[in-house]
1. When the C-alpha atoms of the stretch 1-149 are aligned to their principal axes, what extent does each axis show, in angstrom, from largest down?
2. Given 0.36 nm per residue, what is the gain on full extension from residue 380 to residue 113 after removing their alpha carbon distance, in nm?
3. If contacts are Cα pairs under 8 angstrom and at least 6 residues apart, what is the relative contact order of the stretch 1-149 in percent?
4. How high is the relative contact order of the stretch 273-409, given as a whole-number percent (alpha carbon pairs under 8 Å, six or more residues apart)?
5. Please give, to one decimal in nm, the separation of the simple spin-label points placed at residue 399 and residue 6, each 7 Å out from Cα toward the Cβ.
6. Return a whole-number percent for the relative contact order of the chain, with Cα pairs under 8 Å and 6 or more residues apart as the contact set.
7. Any idea what the alpha-carbon Rg over 2.2 N^0.38 Å comes to for the chain?
8. Could you grab the Rg to Rh ratio for the stretch 205-358? Cα atoms only, Kirkwood for Rh.
Ligand code: HEM
Ligand code: HEM
Ligand SMILES: [Fe+2]
């Protein structure tokens, strides 16, 4: 099926920008990964802290581009009406692109301000808020003008409203380090283990509906369960970051219990996907999009659910806090949940926008497995590094730098799997930018 609403096309530039920025993220990922082995690489032009900042900021920016593009594609079909203002969407697109690019380029010239993930200079932060407000206004107006409002569209709206509201804590920079960290997590944790999860659940439901042909009522029931579990566990679950930063001791109990059950919404997404695919009413020709969709549920369950649970209890986190165990979880969780759901939406939506059949399925399926397996191996390498680090540094009391010298094997492996990840990405992007125009025909036989 091709797109039904002309204004859905406005999603296209958002997806293109997302892909280009994704490339940038990975280039800088390879640079920081290489700097772990050759610390002088690119010094002093691009030191580690700056390259790392660019790696993780590009990640967040491309994901938000992907979220916005996905929302512009999804909304018209969900609410049965065109996007309220395509012009506003395009203005908002360019403002975000210029703002985002300025921020990233600025980092290279040491123009940054703030804490990890929130290093954007004040003016850029203001621009980001304006862009997001323009987007949310467009979204609300589209929903008001549309013929209906579905649960998927409402959950998506709540997700974006939350994204905007919690970002405001990026402006609050108290001098006291405990208070500072306390609110920093209101952006970082309440995003990825709260409102972004709603955005993901909305996209997942939309994709499963389109790809399996199952009744909307079934999907909606699952969506309510996932949203309920997310709020119930994720909000108080913030306590798993309040064990050792000078916050009251009761957080060790509350954080442990609630974050332990944060696995539940991710498990529910896996059950939801398998149920829907198992009972599918038809086989959608875009099998790759279905693979990315189920992949998001499974990989986020592994990265966020399993790798998150692994270090979320204070008895364990006491040893693992801030080690490579944290980085291993951060990678599989961010990739499995948010990168993969955006790639799933792109795989489904972009061929429709181009009015051609699904893209080259073999290439896309190869890209999925290459990227997923590489990221799993990056995660395992970092887990290995983390185990060595915890033992030598936290249990035997070896110094930080001495410990690092015993971890180079794992850093080498991380870089190798970073390269294989890049191969998968190149295949995905080749298919994205040079689609197989005979794709539809290819699928039919
Ligand atoms: C898709 C969802 C998730 C994403 C994207 C994510 C990402 C991250 C990232 C990037 C960090 C490192 C932050 C930093 O210090 O710079 C982190 C820390 C942490 N995450 Fe997650 N996470 C997710 C879900 C979860 C879940 C469900 C749990 C628990 C079951 C969890 C448990 C933790 C814990 C305990 C830490 C702190 C580690 C430490 O003490 O160093 N995460 N997460
Ligand atoms: C080519 C593949 C990649 C390589 C070599 C790589 C390498 C790195 C390195 C060296 C760091 C700094 C870790 C530290 O400070 O100790 C880092 C941080 C990070 N990267 Fe990657 N990365 C890659 C791909 C990705 C992807 C695909 C994602 C997510 C979609 C991602 C998300 C993150 C996050 C969230 C952090 C911050 C982690 C934390 O604070 O614990 N990276 N990466
Ligand atoms: Fe968290």
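The numbers here are math on the coordinates, done by the rules we state, and not lab data. What you are looking at is a predicted structure, and each value in this text was computed from that prediction instead of being measured. Here Cβ is always computed from backbone atoms with ideal geometry, including for glycine, and neighbour counts include all displayed protein chains.
1. Principal axes ranked by extent give 59, 34, 20 Å for the Cα atoms.
2. Details: separation 267, 0.36 × 267 = 96.12 nm, distance 3.28 nm.
Between residue 380 and residue 113, full extension yields 92.8 nm more.
3. Working: 170 pairs, mean separation 46.2, N = 149.
Value for the stretch 1-149: 31 percent.
4. 30 percent
5. The two pseudo-label positions are separated by 6.9 nm.
6. Values: 655 pairs, mean separation 64.0, N = 445.
Relative contact order here is 14 percent.
7. Numbers: Rg = 21.3 Å, N = 445, 2.2 N^0.38 = 22.3 Å.
Here the answer is 0.95, to two decimals.
8. Checking Rg against Rh, the ratio lands at 1.07.
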